[in-house]
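First up is the structure itself, then whatever we jot down about it.
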Amino acid sequence: MTQATRLSPPIPAPGPETRRAGGVPGAPGPAVLGAAEPGPTVRTLTLRPFPLFLTCLLLVVSAVPWRKGSFYSGGVDAVVVAKAALTVIAVVITLLMRRPPGAWSRMRAAPVLWLGTYLLISVVGGVLNADGLPAVVLAARLALLAFALVMITVSHPWHAVVSSLSSAMLLLAGFGSLTGLGSLAETGRLYGGIPPLNANEICLLVSVPVIVLFWKSVHGTASRLEFFALGPLLAVIWLTGARTGFTVLVVVLVLLVLLAPRVPPRVVAGIAATVPVALAVTFLTPYVAAFAGRGDLAGVTTLNSRTVAWRAAFDYNDTLSEMLVGSGLALKKIPVTALYRDEQMLDSTWVSAMLQVGYLGMVVLLLFVLATIVRAFRLSQPERLLVAAPALLVSIVSVLESGMFDTAPAFIVFFTMSMLAHRIVDRPSGTRRGTRTAAGPAAGPAPGPAG
């Protein structure tokens with residue numbers, strides 16, 4: 001007994017954590033209702049880890065247009081080679097990344113299978129009903145972009161991927177906006193200078209960092225500087241004149257508040273101060289009307305320019321094969337009967353899908369989007385809303401804008417969130433489907449006393 005007593009480690013005095021939990025030192029105390037565990041850090045602007053940030057930046061830069069009003073229809077030139085080189089460099093970096101043990105076993109293959117089916121249909125349609133080479137090249141390019149996104153989501157935790165993607169998009173949008181400030185005087189909207197970003201693309205590039213900042217604010221992890229940075233970023237989106245993107249972003253931010261477990265007093269006070277100001281600006285000033293009409297209330301009817309292309313799209317497919325599998329991803333414009341123009345770009349991901357991949361591809365696209373959103377909302381906190389919000393944003397915007405299934409930032413956002421949503425994650429204790437913890441599988445019943 002004396003020897004056993006000498007060999008026993010000394011019992012430390014109970015500290016504040018032990019007394020608060022009401023347990024013995026070293027033993028986990030009971031869960032405290034409302035006590036938030038320290039979660040992973042999500043940053044809006046960071047360069048670490050640098051290989052991940054560099055990969056995201058290269059992918060986003062290679063996905064935005066470098067020439068205005070130009071679409072790939074075949075052939076090779078300096079721009080095509082340069083953008084392909086950036087994508088290849090990004091892929092090489094992802095191949096050199098270190099992956100934790102068992103990383104591949106924690107990823108579901110559903111997003112890759114959905115995308116692979118979509119691209120296969122587009123290639124078949126392009127070969128059967130159009131020039132097959134551009135369709136194959138564009139499908140291969142999109143597959144290479146998706147491969148890089150798969151590699152970064154496998155190699156890094158979800159919060160690092162979201163942070164690096166937000167940082168890359170914010171830096172590119174900032175540089176493009178600063179070099180394109182002259183467009184405000186010329187057109188009344190903010191366009192990019194270098195690269196020549198479309199106003200809607202700037203809106204999307206800034207919207208993801210805004211969602212990250214607002215998510216951090218709602219969860220009480222945003223600094224004072226991050227909280228007040230929301231104003232300037234929303235002002236940039238306002239200057240783009242992107243009505244669809246701005247409206248959908250506001251809806252998504254409202255959902256973040258409504259679905260949050262609890263909202264910090266600072267955010268509640270900010271919302272309470274913003275609502276009357278927004279109502280006053282809407283009804284007592286001409287700014288909102290000018291934004292909606294872009295300087296002319298008659299400008300609201302610009303939706304008709306989209307519907308002209310949509311009506312033409314429903315009459316475009318003549319053969320059964322075109323209806324079933326489309327004409328490939330290279331189909332970007334269709335002939336229309338309208339004033340001052342005889343062809344028009346397809347301003348909708350879904351209308352584009354109807355012509356590019358046919359009705360079979362549209363079914364695949366619909367199931368892919370629904371599966372991603374459902375999976376995102378089934379994640380545990382805190383990543384649930386942060387993964388679901390960007391996916392929901394681009395999915396709704398895709399009704400009026402194209403790019404969600406093309407080499408574009410919208411695809412990067414959607415496919416990345418889809419990969420994150422389909423991860424196999426351990427659920428915290430006390431949730432449905434058993435009590436899984438970060439350390440292992442569901443724990444069984446507590447062992448009884450030894451016989």
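Each value in this text was obtained by applying a stated rule to the coordinates, not by laboratory testing. Predicted model, so just to flag it, every value in this text is computed and none were measured. Counting neighbours? That spans all protein chains shown, and the Cβs are built from the backbone with ideal geometry, glycine included.
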I271/T41 FRET efficiency (R0 30 Å; Cβ-Cβ; nearest 0.05): 0.75
Simple spin-label estimate for A292 and F147 in nanometres, 7 Å along Cα-Cβ: 4.8
Packing-based ranking, highest mean first, of 316-323, 266-273 given that Cβ atoms within 10 Å are counted: 316-323, 266-273
Overall form of region 86-244 per C-alpha gyration tensor (a/c, 1.5; a/b vs b/c): oblate
Stretch gain in nm, segment A140-I424, where the contour uses 0.36 nm per residue and the Cα spacing is subtracted: 99.5 nm
Under 23 Å from K83, Cα to Cα: lysines that are on another chain or at least 8 residues apart: K68, K332, K333
Cα centroid separation - region 79-137 against region 235-285, whole Å: 36
Approximate spin-label separation F71-L113, in nm, with each point projected 7 Å along Cα-to-Cβ: 3.2
Full-stretch length increase - R341, V308 - with 0.36 nm per residue and alpha-carbon distance subtracted: 10.8 nm
Net lengthening on full extension, F228/M97 (0.36 nm per residue, minus Cα-Cα): 43.6 nm
5 angstrom amide H check on V336, placed H, neighbours 5+ away: E343, Q344
HN-Hα J in Hz across region 133-148 - Karplus 6.51, -1.76, 1.60, θ = phi - 60°, x for Gly and Pro: 5, x, 5, 5, 4, 5, 5, 5, 5, 5, 5, 5, 4, 5, 4, 4
